[in-house]
Amino acid sequence: MPADPMPIAKTAASVAVILMLLAGGAFLAYARWTEPIAEGDRAIADGQLDRALAAYARAEARFDRVAPAKQLFASDYQRVVENELWALYRLGRYDDAIEKADRSPDGAAPHLWSGCAFFEKALGEEKPEARLGWMSRAEEELRRAVTATPDDWDTKYDFELVTRLAAALRRQPKTPPNQLMQLLRPQPKAGARPARRVG
């Protein structure tokens, strides 16, 4: 006598409903668990960078407590850390950004943000030797950032700008901080006459 198909169909439907309930519960749990990420995103959208940093720090602490989550939800974790680096940089907390970048995953663009922070430190440094040191560190970090993301044109631009500025600064190390960007302008050759303007 063949098996009654109704109990098999009922069992399959019950299993499907249970799986859907478990999946829905997992999605809800993850949404609650990642609420600090959403809060940080809202704070950035509102221009409240200190509040965003606090929210992202809470999110990162959750990832730290559940280490496998860093691999399981790697893109969320990396986004949290990169947003923290961005906020630290935007707030002018360059030393904090550099320190955080040293212990950040590669997917969070740590070399880009530490390179940018070193560059800003160089622009504000009064002592020529220290300025050149910060600029050299910026150049090295941005070189590493280009290696990590060779298709990112913004990173390439930043690297080329810093490389040119570092080379010019090595030739003229005593250039005052407020004149650093002028090193990038082509200088007329000695004895050359300025171009004549018509019109």
Those residues of segment 62-85 which are out of contact with any helix residue (DSSP H, G or I) (no Cβ under 7 Å at 6 or more places or on another chain) and under 19 Å from Ala45 (Cα atoms), in sequence order: Arg79
Residues of segment 43-78 satisfying the condition of being in a loop (DSSP other than H, G, I, E, B), farther than 20 Å from Ala109 by Cβ and modelled with pLDDT under 90: Val66, Ala67
Among (1) of a type in the set (Val, Ile, Thr); (2) touching a Pro at 6+ places or on another chain (Cβ under 7 Å); (3) not assigned by TED's automatic domain parsing to the domain that holds Arg42, the one test that Ile98 misses: (2)
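Any idea which of Leu85, Leu112, Leu123 is more than 10 Å from the chain's Cα centre (by Cα) and assigned to a helix (DSSP H, G or I)? Reasoning before the result, please.
Working: Leu85 fails: more than 10 Å from the chain's Cα centre (by Cα); Leu112 fails: more than 10 Å from the chain's Cα centre (by Cα).
Sole residue among the options that is more than 10 Å from the chain's Cα centre (by Cα) and assigned to a helix (DSSP H, G or I): Leu123.
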Count - residues of segment 74-91 that are surrounded by fewer than 21 Cβ atoms within 10 Å (Cβ to Cβ) and either within 13 Å of Pro36 (Cβ to Cβ) or in contact with a strand residue (DSSP E or B) (Cβ under 8 Å, 6 or more places away or on another chain) (or both): 2
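The values are calculated or read from the model by the stated rules, or taken from the named source; none is laboratory data. Just so we're clear, the structure is a prediction, and the values are computed from it rather than from any experiment. Virtual Cβ from ideal backbone geometry, glycine too; neighbours counted across all protein chains shown.
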